[in-house]
1. Which of the residues that make up the stretch 35-82 are open to solvent by 70 Å² or more (accessible area, probe 1.4 Å), aliphatic (A, V, I, L, M), without any contact (Cβ under 8 Å) to a residue 24 or more places away in the chain and more than 16 Å from residue 20 (Cα to Cα)?
2. Answer yes or no as to whether residue 89 is under 30 Å from residue 14 (Cα atoms) and either open to solvent by less than 70 Å² (accessible area, probe 1.4 Å) or modelled with pLDDT under 90 (or both).
3. Between 96, 9, which is in contact with a helix residue (DSSP H, G or I) (Cβ under 9 Å, 6 or more places away or on another chain), modelled with pLDDT under 95 and acidic (Asp, Glu)?
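The values are calculated or read from the model by the stated rules, or taken from the named source; none is laboratory data. Values in this document were obtained by computation on a predicted structure and should not be read as measured data. Reconstructed Cβ throughout: ideal geometry from the backbone, glycine too, with neighbour counts over all protein chains shown. Accessible surface is based on the protein model in full, side chains and every heavy atom, while ligands, DNA and RNA are left aside. Shrake-Rupley method; radii C 1.70, N 1.55, O 1.52, S 1.80 Å.
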Amino acid sequence: MESNLPPPEDEYIMAAADAMLAGTLALLTGHAQCGCAQQRMLMARKIRSNLYMLAQHPALPPPFRLVVQRLHGHWNGIVAQSDVGAVGLAPALGIELPESRLWHAAPESVH
């Protein structure tokens with residue numbers, strides 16, 4: 001059953017490339033404002049991934065894709081630098097989130 005009501009204001013219908021670009025811009029803002037190095041690393045990896053996908057997207061014009069390819073190369077360097085500084089992080093994920101690690105060693109016994 002179709003409704004004649006307009007869609008809610010917070011609901012958007014976008015092309016895939018537009019949605020990927022909007023998400024990447026949101027991640028860039030989050031990366032710039034985040035104080036947690038681990039979250040910044042995760043966001044940097046997702047930004048790099050999104051830029052790669054955008055650089056390959058057939059709906060985008062070639063000059064735009066070239067700019068995005070260059071940005072992807074820049075973010076490759078950022079991710080590589082953050083990976084070098086991430087010594088001691090969980091090898092399975094490449095990170096260790098604060099929620100998954102112990103802040104203090106557990107005592108051997110409790111009295």
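1. Hit for the stretch 35-82 is 66, nothing else.
2. Answer is no for this residue.
3. When all the criteria are applied, what remains is 96.
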